[in-house]
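Participant: The following block contains the structure, expressed as structure tokens.
Computed from the coordinates by the stated procedures, all read-outs in this text should not be read as laboratory data. Here the structure is a predicted model, which means the values were calculated and not measured. Neighbour counts run over all protein chains shown; Cβ positions are idealised from the backbone, glycine included.
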Amino acid sequence: MIKIINRNLLNKIYREIKKHNTIVILRHIGADPDAICSELALRDSIKLTFPNKKVYAGGVGVAKFKKYGNLDKPDYEKIENCLLIVLDVPNIARIDGIDNLKYQSILKIDHHPKLDIKADVEWVDEEKSSTCQMVTELILNTKLKLDKKIAENLFLGIVSDSERFSLKNTTIETFETVINLLKTSQIDFPNLYEKLYLRPFSEYKFIAYITNNLIINENHFGYIKISDNILKEYGVDVATPSNLINSYNFIDDLLVWCFITEDVKNNQYKISIRSRGPIINEVASKYNGGGHKFASGAKVKELSDVDNLINDLSKVCKDYENKES
């Protein structure tokens, strides 16, 4: 059964956007295509609909994502009492660019489980494939406007976060939303896939390194520790492993797998975790992280915490197999 769209909520979100003259849109740190594309698409839609509003998409830019559009660098000293829109992030600590921003109210749109952000108006739905799916539904069901570039970004965000509609977060509603987006925009979607999946040969060499060095134990848990020296050797950045982790979704030997990447700049280890059955976000939340049941992340400072997380995830796999047997 296809869920009925809550038009009252969508209209409430539209009215909240309409009544503010200055809007800042932010998403989570360590951006992925869904976060960047939803942020840019919503900014551009609001500006297209309300040309006189000041609308900014903030946060740290990612070089490889410039192909989706340019972020803004708002001067927070000149911004007061704005509407803050937070996308694709459930907790305050992970909002990229919120420091020193003076906002009047918060509007949140997210498909992660609720955490500590207390929004004045919010739309949270864990069953959505992506935040881009939610922004698409918002635009198509309100007076917000759409152009080709906005539609392309929304499509790419949905495709990325659903891994080409192959993950468990893909529903009939996801396809309905994409069909309506394509009918409305008539974008050339087959040619858009290059933006998501074209990568330099160095990344394919790096994938080979991960494959050859991934440790898989008797509980069907796989992990790899990636040092800063390895990142430099293969010419990739600290965000690359997390953008590649879904490539291992269909390995029969794996139930849960994680990539542990040394982040020298921030003096921490960045951990991306995926699952084909066991629930992992409860473990991630113990280590300064969280996320979805089958796709989560964490960040820790000490190698001892890395080892503890590895043990916890391995135990989750063991318990899952015992339960299933």
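Participant: Starting with the highest mean, order 43-50, 161-168 by the number of other Cβ atoms within 10 Å, averaged over the residues of each peptide.
Facilitator: Values: 43-50: 20.0, 161-168: 17.5.
The peptides rank, most packed first, as 43-50, 161-168.
Participant: Right, here's the next one. Rounded to the nearest 10 degrees, what's the angle between the helix 148-161 long axis and the longest principal axis of the chain, both from Cα atoms, 0 to 90?
Facilitator: 30 degrees
Participant: Taking a ≥ b ≥ c as the square roots of the eigenvalues of the Cα gyration tensor of the chain, is the shape rounded (a/c under 1.5), prolate (a/b larger than b/c) or oblate?
Facilitator: Taking the square roots of the gyration eigenvalues as a ≥ b ≥ c, the chain is prolate.
Participant: Based on the mean of other beta carbon atoms within 10 Å per residue, what is the order of 22-33, 127-138, 246-257, most packed first?
Facilitator: Highest mean packing first, the order is 127-138, 22-33, 246-257.
Participant: Now for a different question. Can you list the residues, at least 5 places off or on another chain, whose amide H is less than 5 Å from the amide H of GLY289, using H built in the peptide plane?
Facilitator: LYS299
Participant: So, one more: Helix 303-324 sits at what angle to the longest principal axis of the chain, using alpha carbons and giving 0 to 90 degrees rounded to 10?
Facilitator: 90 degrees
Participant: Identify which of TYR197, TYR209, TYR223 has the largest mean-square fluctuation in a Gaussian network model of the chain, with springs joining Cα atoms closer than 10 Å.
Facilitator: Per the Cα network of the chain with a 10 Å cutoff, TYR197 tops the list.
Participant: Using unit Cβ charges (K, R positive; D, E negative) and no other charged atoms, how large, in debye to the nearest 20, is the dipole of the chain about its Cα centre?
Facilitator: 1180 debye
Participant: Sticking with this one: Let me know the shape class of region 126-166, please: from the alpha-carbon gyration tensor, a ≥ b ≥ c as square roots of the eigenvalues, rounded when a/c is under 1.5, otherwise prolate if a/b is greater than b/c, or oblate.
Facilitator: Here region 126-166 falls in the oblate category.
Participant: Let me ask you something else. If you place +1 on the Cβ of every Lys and Arg and -1 on the Cβ of every Asp and Glu, how big does the dipole about the Cα centre of region 77-207 come out, in debye to the nearest 20?
Facilitator: Value, rounded to 20: 280 debye.
Participant: What number comes out for the charge environment of ASP99, summing +1 per Lys or Arg and -1 per Asp or Glu over other residues with Cβ under 15 Å away?
Facilitator: Net of charged neighbours comes to +1.
Participant: What is the chain's relative contact order, in percent, from Cα pairs under 8 angstrom and six or more apart in sequence?
Facilitator: For the chain, the relative contact order is 12 percent.
Participant: Between rounded, prolate and oblate, where does region 7-196 land on the alpha carbon gyration tensor, with a ≥ b ≥ c its root eigenvalues, rounded for a/c under 1.5, else prolate if a/b exceeds b/c?
Facilitator: Numbers: a/c = 1.41, a/b = 1.40, b/c = 1.01.
Cα axes put region 7-196 in the rounded bin.
Participant: If the cut-off is a Cα-Cα distance under 15 Å, which aspartates and glutamates reach LYS78, setting aside same-chain residues fewer than 8 apart in sequence?
Facilitator: LYS78 reaches ASP99.
Participant: Also, quick follow-up: Taking the Cβ of ILE280 as the center, what net charge do the other residues with Cβ under 9 Å away carry, scoring Lys and Arg +1 and Asp and Glu -1? Write out the running numbers ahead of the final one.
Facilitator: Details: positive: ARG274, LYS293; negative: GLU282.
Charge balance in the 9 Å sphere: +1.
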